[in-house]
Structure formats: structure tokens, C-alpha cells
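In what follows, a structure is listed as C-alpha cells, so that the remarks can point back to it.
The values are calculated or read from the model by the stated rules, or taken from the named source; none is laboratory data. Source: prediction; values computed, not measured. Every residue, glycine among them, receives a Cβ derived from its backbone with ideal geometry; neighbour counts consider all protein chains shown. The accessibility values were calculated without ligands, DNA or RNA, using every heavy atom of the protein model including side chains. Shrake-Rupley method; radii C 1.70, N 1.55, O 1.52, S 1.80 Å.
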Amino acid sequence: MTNHYCDLKNADVILIMGSNAAEHHPIAFKWILRAKEKGATIIHVDPRYTRTSARCDFHVPLRSGTDIAFLGGMIHYILENKKFFKDYVLNYTNASFIVDNGFNFKDGLFSGYDPKKRKYDKATWVFDKDGKGIPQRDMSLTHPRSVFQLLKKHYSRYTLDKVSSITGVSKENLLKVYEIYASTGVPDKAGTECYALGWTHHTTGSQNIRTMSIIQLLLGNMGIAGGGINALRGEPNVQGSTDHCILYGNLPGYLKMLSASLDTLDKYLHKYTPESKDPQSANYYSNYPKFFVSFLKSLWEDKATKENAFGYSWLPKMDDGKHYSTMHMFDAMYAGKVKGYFCVGADTAVSTPNSNKVRKAMENLDWLVGENIFNNETYEFWRGPGVDPTKIKTECFLLPAAATMEKEGSQSNSGRWVQWKYKAAEAPGDALPVGEIEIKIMAAVKKLYEKEGGPNAEAIVNLKWDYLDSKGHFDVIKVAKRINGVFLEDTVIEDKAKGTKTEFKKGQLVPGFGNLQADGKTACGNWCISGSYTADGINKMASRGKEDPTGLGLFPNWSFAWPVNRRILYNRASCDVNGKPYNPKRKLLEWTGDKWVGDVPDGPWPPQADRAKGKYPFIMQRDGLGALFGPGMAEGPFPEHYEPLEGPLEKNLLSSQRMNPAAEIFKSDMDKVANASEKFPYVCTTYSCTEHWCTGALTRWQAWLLEMQPELYVEIGEKLAREKGIKNGERIKVSSIRGEAPCIAMVTKRFKPFTVDGKEVHQVGMPFNYGWLFPKDSGSDSTNMLTPTVGDANTFCPEYKAFMVNVEKL
Amino acid sequence: MQITRRGFLTMTGAIGGGVALSSLGLNLNPTRAYADELSKMDRIKIARQVTTICCYCSVGCGLVCSVDKATGKIFNIEGDADHPINEGSLCAKGAGFFDLTEANKHRLTKVLYRKPYGTEWEEKDWDFALSRIARLVKDTRDKNFIKRNDKGELVNRCEAIGHYGSSNVDNEECWIMSVKSRALGLVYIDHQARV
């Protein structure tokens, strides 16, 4: 979230799209309803009528997988009707930048596409620069190659007729949403968006979110109270696990994972340290070397020296252009290349798309290590449906873990609040915290390498790994302090702006990432979280102050919010170029002439009207401004509508490119696809319910919750049910070209057929909370037996939200 | 951390009343349930109160665990009224949090091992598991280690071991796993944030 949960109450309009907040984030929804009580308009756009729809001002159904078309139409509406916040767009976005002459867009493809590789060469997705290397701008926004004009041209194709035909949303409903949401493009109104898996689970997931980001920039809704883009994320510490990057492409703190071609530390730092010639751009990532070297020091401390490039060569390097996400891992496992598998606190045999392939892949494993508080389908794959255990070679370990209230540590919510929690009781039996299990496994591995040696053994034997306390248990405080960062030598930090010098002693904690050093004097496990401890060792994550000085619900003394306790990101954009709040009624921040007052500002510099010292507000962007033109994306700098891998249409109604041209296609014999097929004519989407969580791997074991939602069902609209002769409560079969899922039919008014390209299209939906292991007698299994192995072109988040099925009576 | 119990839990007594009435042949189950609740409130008042954060969605609601000082066991978990986000309220899953404690008979409490081609789990101890897992990790890593790729570039990686999870453990545990995987040279590293 750019903002945070309590801040939802500050909005004037809330668009809930890609989320069923009332059922999946009930307590977040409380804050949405609080905005409604104060007069805000709440809109729900979703294929299905849910309890969220019931409490909103109105619900607009749209066909799964057509969000970019819907939102692209909104961009068109905002630009055509001049509803954008001009002062903001001009000063705080790259609307005025001039794009390279070679850039173009034709029939669904941007310049530079290579159909063989399904990748773009982005050489023309750049800005023209002046003699000093600063991007050229046209402040009149009329230059035909200005971002503003290109944006306008791109979305001029998203007319009401076209968008209605693609999405199945009536033109009246489209206009209603566009008008109400665009009404926030004025200084004293705030609009926010809440999304969840309904936006990420698509081959165009990242671009769904980017389309909304463009809208938020056009309306001046970024960086303000009651604004922003808010991901209601689905796991208790998914923000923290992402921050610590248990992800193939990043190291803790979103540092870039190494690639083979970057064979030296210098080359690596050169590539990932952005340079800006514009003196008004803070370009905060120019500090990248400090964060990265401090991370290397946190791993190997005194073994990482200037002479050995701080151990740079010890880290693994990915092959350039290759990806190693979950789907790639199971694809490699299916091909017999992955032999050992750690599955911690997860149930991948249920949660990964194309579960049949995943389970077949696991049969190739030599060993499997599971760590969890309950058993699940992944750990018992060797005796799953249709599997003969006597034919499965895999050596399996299932290690008992402590539950959350049986251990101390911190958890980060979606609003980036890092909250400390305490141990209430001992874990039962032999169970241990996952952290302790992991430390002990690695300690045992380390011991073997110390004794026997092995390839690249330095990375392991030199690893600083002293995170057990004197009694041999997980020392969580020690790890938390390592993450925060520490001075490894006596260090004098000079602040030239303030004219001060501060001396820190060896062993003292760093007060924040601004103090990190690129020369090896500091170690920091994750620069984003630096500042969670004070230099005197006070744990700010444990703060429980309830003061609310701004009245906006920032609660600055409750827990620690990264970065540097900033509660709303990009908050300098809530003020005009002189630092005066655009909306004095919701004053998030104000420049008082010598300092910012309010939230922790995005940097101490004066507002940008001060041409000498002032900085632009989007400090993490190289150019300092919000990116309407976003060349970082795999499939283009402007989001474009493409159909899902599997959909009801043979053609994309907007271009000749049916699906995302940059999405990777998996090609194993178990990766079958059926687009616009008579055999699988219905659009299917998946979701959760209030009583279960994710795969149900924790909640299915709880009698109270299971009683409420006992087994797998499919929601079918009344018209389709009548056509198929299916009755409510009847046991039926849902199938895709990849597998089957027997379940109970729930005939409902919540799904209505869509009119798409003039034809009637039915959509059905299923929860993803079930598996075969428990409850024993239900006959349910994973909904992911149906879903395809395909994902977003940037993130490889699978397309669980739009694929094609058939429903049949048994 | 021990916190002060909220003021509204000052109800006392009235537990004995129902017992005498039971001899009249009335159905006193609801009364008994009520009495049990009152007795639980008495226990809560003298319990050790420990705060935690919910382990389901990412809203980060606060909960209070009541721990019996004599046994050290949790006997009640409810919403933390002092928490600025949930203000004491919880969803169905959060309200059922107690069923995650050891009171749930399905909790894993032993190290389980399934040998190759085996048909059942066997109970083992930590020493066995840690030393055997370490052996398997080292043998798999060493046998399949890729020092240089096809282009001859130094890559120092192991593609033969995958690591998945987890976004439902604490930050400090996440960092440990992230770092462990890198030191081993793994590249197939992922978790629920992807899905």
C-alpha cells in the first residue's frame, strides 16, 4: 500500500476493483465503511456480486481479465473531458517529457518487439535529453511526442463502445464509474483504489495496477491522505517476506539479484545505481552501493573485504534473461532437474496452478523438507489421489513448527507497519519456530562444509551465523538488530547540509539507512527496515503510542513503518510546488519555510519551487516524477488490453495481439491450452471466503471454520444452471483441458451472463481453499487442477482469475 | 509483554445461582455455558496478557492472548481493543484464533520422517532430522553445483534445490531463510508473494 488501512477513512471516493474486501479483509472494510459514513462514494467493480457489492453504493460487473480495457476507458474519459489535475500532472509527472522519435505503437505492439523471444528491445522507450543530459520537456503538453499526447493518443482507442464490447459492462455503468471517480481530480478531493489478487492474478496483472497508477497520477491522488493505490495483501507477513525478498529476482530490501554477465561488483553497482543529471531530482537510489555493500557485510562481516569485493563472487548468479519463479521451479522439477525441495509454511501442491503437473513434478524429488504447524497436501504428495507410495522414491521430512503466538518477532502489514509481537506460550511437543529450524539446518550444513569442503564453500563457511542464544534457541532480537544495521567500526558521519558531525561507535546500531556506508564500515541486513531500532537499541517496532497529531489516523508512534516511519509514500506530492497543502482540510504535510511538518516527509529538502535546493516529490524515481510513461514494464510503457491466455474470444477486439505478447509460454506436455473452445465455453475465476485462508492449509484443520465452509463449490448463474439442468446443491464436475474438480453446485444470482462482442458469455467462480487431505470424506481437491501454468510478464504471478472451463452434471 | 486488562471486564459472581435451579428439572445448559463464560472472565482477569498479531490476511489486527499463570497455557484469545486498526474487532478467522493453539489436536508436535518408498510417517528426533537433511543438502548441492554457465561465466549456483516460503512467518525468520538460500547458492527461491 502506498497508504495504510486507517487512512482509507480519509477518501471521498473508493474504487474497489480486484478485491472482495468485505469478505477477505473484513477489518480493512471497516475503514472503507467509515469513509462511507462520512459521505464517501464506494464503488465495486467485480465479475461477481459479493458482500462487498452489497455494502457499496453500487456494483458494476465486468468480465474477468478485462480490467485494462475498463480503466483505459477511464483514462480516455479523463483526458477527453479535461478532468485531470493540471497543476499536479504538469509539475509532478513525466507528462511533459518528450519521447524518442523511434518510439511507436502499432496494432497492439510497441516498437522493438521480437516475436521469437517474446521480448522487447526497449531502445526507443526513452526520453529525448538536452545538452546536459536532462530529459527535455514541453510544459504546454502539446508536443506530439510528449508523454501527455502519446498517452492521449494511445487511449483514444478505448471508446465507450469498444470498452463495453470487451468488458461486458454497459455504457451507462462505465460512464457512471468514470464520472464519479474522475470527480476526485481536484485539489480538495481524494480518491483511492483497493485491489487484491483480483488484479494480480492475470497475464496482465502488473499493468492492471499500472493503469490505475496512471489514473491516480492524472487525478493528483498519489501521495495524499485518502489516496494512493492500496494492495490489500493476503498473507500476514507477505509485506515482510517480500521486503526480505524470498524471491529469485531480489535480495533483501529489493536489491537486484546478480546476473552472470555482471561479473564484477563495479559492473553490478554501475548497472543498478541510476544517474540523474537533473539537480532537482533526489534520485535516492544513487545511494544503492551503500545498501548493497552493507548487505554483503551483513552476510560475511569481516570475511567480506574490499580486496575480495565484499564477497561479491560468492553470491549465486542467474543466467541473463532467465527466470526462476515458482512456475519455473515446478517446470524444472517436472523435467527432473530439481532434486531437493524446502517447502516452508506453504502448500504448493494445492496453491500452484496446474496442480496435476506440480504433483507429478514432485515425484521426481530425491528429498522434501516441510516445516509447518499442520500437515498438508504438499507434504503428503506421496500418498495423494492416484499415487502409489511404494513407487515414490522421495525421502520426506515434516518438521513441527511453532505457531505465531508461540514465538516473538515482527510482522509487516500491507500498510508497511512493522509490528512486534510476543511469545505467549511454549510450542507443543518438539515444535520449534521456523527461524530456529532454519538456523539449525544451515548450521549443520555449515559444519559439513567446514569439515569436508566443497564447491564455493567460502559462501557457507564464512557466513555469519550466530543467531542462537546461550540456551541454543532462536535469538530473534539479534536477527532484528542485524536487519536494522550496525556500525562495524568507529565512524564519523558528516552532514554537510546541517554542518554537523556525529560519531558512532563500533557495535552501535545505525539510526537509519541514511547512515549506511559503501566502504564496509556498516552491515545492514535490509536497508528498508533500517531505523526499526534506534542507535540506543530501542525497538521501535514495539511502540504502542496512540497519539494522532494530524487527526488523519497516521498513528506515528504505533509500531514502525518503513521507510523511516513514513506513513504515506510520496507525501510531498500532497503539497503544491511551494509546499502548501493542496487540501488544507486533510493536511498531511506542510513546508513551514525551513522544515516539513506532519508525516515524515519523503526527504528533508525544500519543495521544488526552490530551484536551488528543492527536490521533486517522487524521490525513488530517477527523474523524480511520477511515471505516466513507464519503460520498466515488460510489455510496454503504456498498459494495453490483451485477452487472457484462455478466454471466450478468438480475437482481441482492440488489436491483432490476442494475448500479452511478452508473457512466457510454458511448453511441457502437461501445459495444454483451450482458448475459445466449444468444449470449455465458460469463463472461470477463483477466490477465497471469509472462513478459510489461502489453500485452507491452516483453516481446514479448525472445526469452527470448516463447519462454516465444508467443501469445494462452484457458483453458477441461474440462467446457465437452467440451460445445463443443474440444481442448487447438486454434486457436479467442473473441468478444464488440464484437469477436473468435482464440487457442489451453488446456483446463484451473483453471476449474470455478460454480452461480449455481441454474444452471451457465462462466467462461473470457485474458491481455492480446498485439497484432498482434509476433511477426509469431502471428495474435494484443489481448484488449481483446472488453472493454467502462465503468468504476468513482469512478475510471473499466475493467471488464476481468468481461464476456461466446462460444467457438467455427473 | 504484559498489558493492563481493559476496564470493562469487571464483571464478577453470579456463577453459583444456576446450580440450585438445576434440581427443578429445567434445561440449564445455556445457563451453564453462561456461567462457564463468567468463570473464564474471572480467569482472564488474573491471567498474563500477551499481545500478538493475526496470522491470516495482511491487515495486521492485534490480538490478546490470555495465559494461565500456573500452567503457562493459552486459554483465550480475542481482539486487542487498544489496537488502532481493528479496535478489538476480528473477522471469523481471527475470532477462531484459539483453534491454532495446541488445543487443536491436529497440530504437528513431532518430527516426522517418511523413508523412500515408505507408506507411513515415522516419528524421529531433531538430531536425526538435522543431520540427515544437512547431508542431503550437501550431497545434492555438491553433485549438481554449477560453477560456470554455458558461456563460461562464473555463476556459483545450485539449480537442483528449490526453496519456497513463507509469508506467514516473522520478518526475522524470513531474513534468515532469504540469506540461507543465497549462501547455499540457490536460485529457485520463491514464496506466496508470487501467487
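Table for the structure above
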read-out: Within the stretch A:2-39, considering residues that are at the interface with chain B (Cβ under 9 Å from one of its Cβ atoms) and under 18 Å from the mean Cα position of the chain (by Cα), the one most open to solvent (accessible area, probe 1.4 Å); value: A:His24
read-out: Unmet criterion (only one of (1) among the charged types (D, E, K, R); (2) touching a Phe, Trp or Tyr at 6+ places or on another chain (Cβ under 7 Å); (3) more than 8 Å from every other protein chain (Cβ to nearest Cβ)) for B:Arg148; value: (2)
read-out: Pairs where the first residue, in the stretch A:274-303, is within 17 Å of A:Gly514 (Cβ to Cβ) and open to solvent by less than 10 Å² (accessible area, probe 1.4 Å) and the second is aromatic (Phe, Trp, Tyr) and modelled with pLDDT of 95 or more, C-beta under 8 Å, 6+ apart; value: A:Tyr288/A:Tyr272; A:Phe291/A:Phe513; A:Phe291/A:Trp527; A:Phe292/A:Tyr268; A:Phe292/A:Tyr272; A:Val293/A:Phe310; A:Ser294/A:Trp527; A:Phe295/A:Trp527
read-out: Checklist (1) without any contact (Cβ under 8 Å) to a residue 60 or more places away in the chain; (2) over 29 Å from A:Tyr642 (Cα atoms) applied to A:Asn10, failing item; value: (1)
read-out: Boolean, B:Trp175 is within 30 Å of A:Met541 (Cβ to Cβ), open to solvent by 10 Å² or more (accessible area, probe 1.4 Å) and at the interface with chain A (Cβ under 7 Å from one of its Cβ atoms); value: no
read-out: Criterion violated by B:Leu108 - all others in (1) more than 19 Å from A:Ile437 (Cβ to Cβ); (2) of a type in the set (A, V, I, L, M); (3) in contact with a Pro (Cβ under 6 Å, 6 or more places away or on another chain) satisfied; value: (1)
read-out: Checklist (1) within 7 Å of chain B (Cβ to nearest Cβ); (2) closer than 28 Å to A:Ser313 by Cβ applied to A:Glu450, failing item; value: (1)
read-out: Segments classed as strands (runs of 3 or more DSSP E), wholly inside the stretch B:114-186, with at least 3 members that are farther than 30 Å from A:Met405 by Cβ; value: B:146-148, B:154-164
read-out: Sole residue being open to solvent by 60 Å² or more (accessible area, probe 1.4 Å) and either of a type in the set (Asp, Glu) or in a loop (DSSP other than H, G, I, E, B) (or both), chosen from A:Lys116, A:Lys153, A:Lys162; value: A:Lys116
read-out: Subset of the stretch A:60-86 [outside any helix (DSSP H, G or I) and touching a Ser or Thr at 6+ places or on another chain (Cβ under 7 Å)]; value: A:Leu62, A:Arg63, A:Ser64, A:Thr66
read-out: Residue satisfying all of: in the stretch A:693-713; touching a strand residue (DSSP E or B) at 6+ places or on another chain (Cβ under 7 Å) and in a loop (DSSP other than H, G, I, E, B); nearest to A:Pro775 (Cα to Cα) among these; value: A:Glu711
read-out: Single match in A:Ile732, A:Ile744 (criterion: of a type in the set (A, V, I, L, M, F, W, C) and touching a residue at least 60 places away in the same chain (Cβ under 8 Å)); value: A:Ile732
read-out: Of the criteria (1) surrounded by fewer than 23 Cβ atoms within 10 Å (Cβ to Cβ); (2) over 30 Å from B:His83 (Cα atoms); (3) more than 7 Å from every other protein chain (Cβ to nearest Cβ); (4) in contact with a strand residue (DSSP E or B) (Cβ under 8 Å, 6 or more places away or on another chain), which one A:Ile437 fails; value: (1)
read-out: One residue from A:Val734, A:Val790, A:Val807, A:Val761 being touching a Gly at 6+ places or on another chain (Cβ under 8 Å) and either within 14 Å of chain B (Cβ to nearest Cβ) or not polar (S, T, N, Q) (or both); value: A:Val761
read-out: Residue in the stretch B:51-69 that is most open to solvent (accessible area, probe 1.4 Å), counting only those that are more than 7 Å from every other protein chain (Cβ to nearest Cβ) and outside any strand (DSSP E or B); value: B:Lys69
read-out: Qualifying residue in the stretch A:426-433 (condition: in contact with a Leu (Cβ under 7 Å, 6 or more places away or on another chain), under 30 Å from B:Lys69 (Cα atoms), touching a residue at least 40 places away in the same chain (Cβ under 8 Å) and more than 7 Å from every other protein chain (Cβ to nearest Cβ)); value: no
read-out: Residues of the stretch B:70-85 that turn out to be surrounded by fewer than 24 Cβ atoms within 10 Å (Cβ to Cβ), facing another protein chain (nearest Cβ under 8 Å) and over 17 Å from the mean Cα position of the chain (by Cα), as a count; value: 2
read-out: First in the stretch A:782-810 and over 19 Å from A:Cys743 (Cβ atoms) and touching a residue at least 24 places away in the same chain (Cβ under 8 Å), second anywhere and aromatic (Phe, Trp, Tyr) and assigned to a loop (DSSP other than H, G, I, E, B), Cβ under 7 Å, 6 or more apart; value: A:Thr789/A:Phe666; A:Val790/A:Phe666
read-out: Failed criterion for A:Asp623 (all others in (1) more than 30 Å from A:Gly593 (Cβ to Cβ); (2) open to solvent by 10 Å² or more (accessible area, probe 1.4 Å); (3) not aliphatic (A, V, I, L, M) hold); value: (1)
read-out: Scope the stretch A:180-239; condition aromatic (Phe, Trp, Tyr) and under 23 Å from B:Ser167 (Cβ atoms); matching residues; value: A:Tyr195, A:Trp199
read-out: Any hit, the stretch A:326-344, residues being more than 10 Å from chain B (Cβ to nearest Cβ), farther than 21 Å from A:Cys245 by Cβ and without any contact (Cβ under 8 Å) to a residue 12 or more places away in the chain; value: no
read-out: Residue tally, condition surrounded by fewer than 13 Cβ atoms within 10 Å (Cβ to Cβ) and touching an Asp or Glu at 6+ places or on another chain (Cβ under 9 Å), over the stretch A:119-150; value: 4
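Residues checked against (1) over 28 Å from A:Pro556 (Cα atoms); (2) in a loop (DSSP other than H, G, I, E, B):
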{"site": "A:Val418", "(1), (2)": "no, no"}
{"site": "A:Ala425", "(1), (2)": "yes, yes"}
{"site": "A:Gly435", "(1), (2)": "yes, no"}
{"site": "A:Ile439", "(1), (2)": "yes, no"}
{"site": "A:Lys451", "(1), (2)": "yes, no"}
{"site": "A:Ile460", "(1), (2)": "yes, no"}
{"site": "A:Gly472", "(1), (2)": "yes, yes"}
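Each row is one residue, and each column tells you yes or no for (1) in contact (Cβ under 8 Å) with a residue 12 or more places away in the chain; (2) aliphatic (A, V, I, L, M); (3) open to solvent by less than 60 Å² (accessible area, probe 1.4 Å); (4) over 30 Å from A:Pro556 (Cβ atoms).
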residue	(1), (2), (3), (4)
B:Asp99	no, no, yes, yes
B:Lys105	no, no, no, yes
B:Arg114	no, no, yes, yes
B:Thr119	no, no, no, yes
B:Glu123	yes, no, no, yes
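Residues checked against (1) surrounded by 19 or more Cβ atoms within 10 Å (Cβ to Cβ); (2) of a type in the set (A, V, I, L, M, F, W, C); (3) free of Cβ contacts under 8 Å to residues at least 40 places away in the same chain:
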| site | (1), (2), (3) |
| --- | --- |
| A:Ile493 | no, yes, yes |
| A:Phe513 | yes, yes, no |
| A:Gly520 | no, no, no |
| A:Ser530 | yes, no, no |
